[in-house]
Amino acid sequence: MTGLLVIVGLTAIVAAVSAASRRYGVLAPIALVVVGLGLSFVPGFPEIHIEPEFVLVGVLPPLLYVAALETSVPAFRVNLRPILLLAVGLVIFTAVIVGVVTHLLLPDVPLAICLALGAVVAPPDAIAATAVARRIGLPRRLVTILEGESLLNDATALVLFKVTVAAAIGTAVGPLAVSKEVLLSAGGGVLVGAIGAVVTGYLHRRTKDPLLDNTISVLAPFIVAAVAERLHASAVVAVVVTGLYLGHRLTTLMSAASRLQMGAFWRVVKFLLEGLVFLLVGLQLREVLAALHTPVGTAVGVTVAVLLTVVLTRFAWMYPATYLARLVTGVRRRDPAPSWRVPTLLSWAGMRGVVTLATALALPTALAGGAPYPRDLFVWLAFAVIMVTLVLQGMTLPAMARALRIPPDDRTQDVLAEATVQQAASRAALVKLEEHADSAPEYVVQRLRGLAEQRTNTAWERLGTNRETPSGAYVRLRRIMLEAERDVFRRARDDGRIPEEVLVRAQRELDLEESMLERTEEE
């Protein structure tokens with residue numbers, strides 16, 4: 001019962017802080033971390049200990065899965081080169097540089113475990129970067145690159161972590177063993193993910209009940225991750241492959257009712273899990289400090305050095321990765337070099353998060369032969385990197401985006417493209433209507449023609465002035481009418497003229513119609 005109350009209390013804190021953040025224009029992830037830091041020192045507040053398995057098996061799979069579902073596969077494929085340069089190249093580069101710097105500062109600590117620390121702090125968080133990037137309205141391509149990086153970099157870091165920890169605890173690690181680990185992790189992850197995608201897609205196609213469809217969707221990331229872990233493959237890669245495939249084909253796998261219900265469900269899960277993750281990270285401060293026994297001078301010096309290394313290595317990698325590839329004529333022709341502002345902003349978007357903390361907590365307690373090492377310092381270093389990058393970079397990223405004047409996506413071009421395609425879609429719908437309207441009453445056919453024309457007109461109206469459009473007037477007046485209908489049904493239920501079941505059915509129909517009006521109203 002106590003555990004349940006703690007979960008309820010933490011969820012209530014997430015909801016309250018998120019609501020306040022939206023009201024005052026603060027980034028919710030940053031606010032939740034700061035609140036967690038403060039609560040960790042409140043007397044009597046429960047101590048929340050994060051288990052690495054809880055994060056890597058219980059939290060990461062569903063968050064990666066929903067992120068992959070929402071990722072555009074064509075955009076991911078177009079940006080695969082910069083994504084891999086960051087998700088693989090930058091992670092390895094950062095891990096090596098951080099490991100070497102740490103070993104130079106702590107020469108008595110073996111290089112292998114220092115490289116393991118580098119693997120811990122190397123990957124930007126799968127949640128933080130995209131949450132902040134979307135919130136501040138970065139251009140679509142930059143968001144895609146950050147999303148793609150965050151989807152894959154954990155796999156690189158975890159493989160590197162396994163190899164370096166194995167070397168540190170005395171397990172023989174040679175080129176053949178490393179190659180085998182990489183092949184098994186990456187290749188096995190892709191294979192398990194592909195099989196999971198095919199099986200899950202088959203189940204979705206055969207399922208007509210939205211509740212069962214959503215149950216399959218909930219189970220998919222956990223089952224895929226569990227199978228991958230059982231086979232010693234990368235659970236991260238497996239879940240991402242499954243999510244990318246299903247997200248790309250969702251419209252052909254599930255009914256409209258299932259997609260609507262699944263979308264609503266995953267939005268709630270994503271909101272709560274992301275919020276709890278950021279809050280829990282902040283709540284770890286008291287425990288991390290209590291376990292730190294390294295002399296203050298040493299801890300401060302190493303912390304500053306590691307923080308600077310983590311931040312600067314991203315800058316040192318980003319500019320060559322951006323511009324050296326353009327020396328190849330084919331790459332330059334397909335993808336002209338961007339302004340220096342783009343790699344600068346991407347360099348500052350390297351926020352770390354809960355995966356860094358979870359892997360830090362998974363560091364071994366002793367090395368080969370039982371030799372000790374400053375594990376408490378390494379856990380603190382990981383926590384410090386999370387706090388500084390998440391709070392400092394997260395808070396200043398919006399200001400940097402404004403200062404660099406990164407141009408946003410052209411909304412007019414988006415609306416124009418949508419209107420053009422919508423007109424073609426409406427034309428195709430009318431052709432199908434004429435082919436199958438022989439036995440239908442004429443007034444039904446006329447009404448359907450009007451709906452198709454209305455969708456086209458609504459799309460083109462978004463290119464107009466800021467004055468109320470005909471579609472806007474329709475939405476405003478129809479909302480008033482729907483509320484009047486609801487009042488009549490509620491009074492009829494209260495007076496006993498209709499049973500509760502009739503009210504529920506009518507309310508659902510009215511709610512569905514109103515939900516269809518929301519997009520037009522927001523535009």
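The values are calculated or read from the model by the stated rules, or taken from the named source; none is laboratory data. None of these values were measured; they are calculated from a predicted model. No Cβ is skipped: glycine too gets one built from the backbone with ideal geometry, and neighbour counts run over all protein chains shown. Keep in mind that these areas ignore ligands, DNA and RNA; they rest on the heavy atoms of the full protein, side chains included. Shrake-Rupley method; radii C 1.70, N 1.55, O 1.52, S 1.80 Å.
Please list, by residue number, everything in segment 303-332 whose backbone N is under 17 Å from a paramagnetic label point 7 Å out along Cα→Cβ of residue 104.
303-317
Could you tell me the accessible area of residue 395 in Å² (1.4 Å probe, neighbours in place), rounded to the nearest ten?
120
Under a straight-distance cross-link criterion of Cα-Cα below 30 Å, which lysines are reachable from residue 208, leaving out those fewer than 8 residues away in the same chain?
The reachable lysines, counting only those whose Cα sits under 30 Å from residue 208, are 270, 432.
Can you report the principal axis dimensions of segment 50-105 using only the alpha carbons, biggest first, rounded to whole angstrom?
Projected onto its principal axes, the Cα set of segment 50-105 covers 43, 34, 9 Å.
Counting each pair of different Cα atoms once, what's the Kirkwood radius of segment 352-404 in Å, rounded to one decimal?
For segment 352-404, the Kirkwood estimate is 12.8 Å.
How about segment 275-349: which chymotrypsin sites (Phe, Trp or Tyr not before Pro) there are in a DSSP loop, with at most 12 other Cβ atoms within 10 Å of their Cβ?
Counting only loop positions with at most 12 other Cβ atoms within 10 Å, the chymotrypsin sites (Phe, Trp or Tyr not before Pro) in segment 275-349 are 340.
Using the alpha carbons of segment 1-139, what is the convex hull volume per residue in cubic angstrom, as a whole number?
Once divided by residue count, the hull of segment 1-139 is 178 Å³.
Residue by residue through segment 288-301, what is 3J(HN,Hα) from phi via Karplus (6.51 cos²θ - 1.76 cosθ + 1.60, θ = phi - 60°)? Round to whole Hz and write x for glycine and proline.
5, 5, 5, 8, 7, 10, 6, x, 4, x, 5, 4, 5, x
If you take all C-alpha pairs in the chain, what percent of them are over 44 Å apart?
That tail contains 24 percent of the Cα-Cα pairs.
Round to the nearest 0.05 the FRET efficiency obtained for residue 453 and residue 409 when R0 = 25 Å and r is the Cβ-Cβ distance. Walk me through the numbers before you get to the answer.
Values: r = 28 Å, r/R0 = 1.14.
After rounding to 0.05, the efficiency reads 0.30.
For labels at residue 337 and residue 402 in the simple 7 Å Cα→Cβ model, what's the distance in nm?
So the two model labels end up 3.1 nm from each other.
As an exercise, identify the trypsin sites (Lys or Arg not before Pro) in segment 188-241 lying in DSSP coil whose Cβ has no more than 14 other Cβ atoms within 10 Å.
Of the trypsin sites (Lys or Arg not before Pro), the ones in loops of segment 188-241 whose Cβ has at most 14 other Cβ atoms within 10 Å are 208.
Please find the FRET efficiency linking residue 190 to residue 497, where r is the Cβ-Cβ separation and R0 is fixed at 51 Å, and quote it to the nearest 0.05.
Values: r = 60 Å, r/R0 = 1.18.
E between residue 190 and residue 497, to the nearest 0.05, is 0.25.
Are there any GluC sites (Glu not before Pro) in segment 25-128 that are in a DSSP loop and have at most 12 other Cβ atoms within 10 Å? List them by number.
Within segment 25-128, the qualifying GluC sites (Glu not before Pro) (loop, at most 12 other Cβ atoms within 10 Å) are 47.
So if we plug the beta-carbon distance of residue 437 and residue 222 into 1/(1 + (r/R0)^6) with R0 = 51 Å, what FRET efficiency do we get, rounded to 0.05?
It comes to 0.65.
Rounded to two decimals, what is Rg over Rh for segment 268-368 when you use alpha-carbon atoms and the Kirkwood radius?
With Rh from the inverse mean 1/r over Cα pairs, Rg/Rh is 1.11.
May I ask you to derive the relative contact order of the chain, considering only C-alpha pairs under 8 Å and at least 6 residues apart, and to give it as an integer percent?
20
Just grab the label-to-label distance for residue 298 and residue 510, each label 7 Å out from Cα along the Cβ direction, in nm (one decimal).
7.0
Using θ = phi - 60° and the Karplus curve 6.51 cos²θ - 1.76 cosθ + 1.60, what whole-Hz ³J(HN,Hα) does each residue of segment 30-46 get, with Gly and Pro shown as x?
Computed from phi, the couplings for segment 30-46 are 5, 4, 5, 5, 5, 4, x, 4, x, 5, 5, 10, 6, x, x, 6, x Hz.
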